[in-house]
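Have a look at this one before I ask anything.
Throughout, read-outs are computed from the coordinates displayed, never taken from laboratory work. Bear in mind that the values here come from a model prediction, so they are computed numbers and not experimental data. No Cβ is skipped: glycine too gets one built from the backbone with ideal geometry, and neighbour counts run over all protein chains shown.
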Amino acid sequence: MHSITTIGTNNFITHFNVIATAKPNLATFLKYAKVELVPPTPGEIGQVGAGIKNIISSAKSGKWKTLTVREAWLNALVTCEVLCWFYVGEVIGKRNLVGYRVEV
């Protein structure tokens, strides 16, 4: 009987430690989520066209050749992240890792 009480107490302490650890992490997540996960405002949507024009003009002028290694690496990481999120969305949409289910 004593061992059951000890196990219950240890589980309670473990859960308490998890909650105590998670609270500051959750607060940090919420702080950044309020900024990063908000939908774009109408003003920001208008900036998309200007951004695309800027990318096209810099590609035509060869401005991409003057990037530092750090900037090029960050661009590569952002591209990789976008592709990974696209893939995750495809997997969620397919409800399968490989291929689509075709009903015959």
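If you plug each phi of segment 27-36 into the Karplus form 6.51 cos²θ - 1.76 cosθ + 1.60 with θ = phi - 60°, what whole-Hz ³J(HN,Hα) values come out, in order, with x for Gly and Pro?
My calculation for segment 27-36 gives 5, 5, 4, 5, 4, 6, 5, 5, 8, 8 Hz in order.
Of the chain, which part is the longest with no trypsin sites (Lys or Arg not before Pro) in a loop (DSSP not H, G, I, E, B) and with at most 13 other C-beta atoms within 10 angstrom?
Details: sites that count: ARG95, ARG101.
Segment 1-94 is the longest.
Select one label from [x] 24.0, 78; [y] 25.4, 79; [z] 15.8, 59: the one whose number is Rg and Dmax of the Cα atoms in Å as derived from the coordinates shown.
[x]
If neighbour count is taken as other Cβ atoms inside 10 Å, put GLU36, GLU44, GLU103 in order from fewest to most. Mind dumping the intermediate values first?
On the way: GLU36 7, GLU44 10, GLU103 3.
Neighbour counts put them in this order, fewest first: GLU103, GLU36, GLU44.
Starting from the 7 Å offset along Cα-to-Cβ, what nm value, one decimal, do you get for the label separation of ALA72 and PHE16?
A separation of 5.6 nm, rounded to one decimal place.
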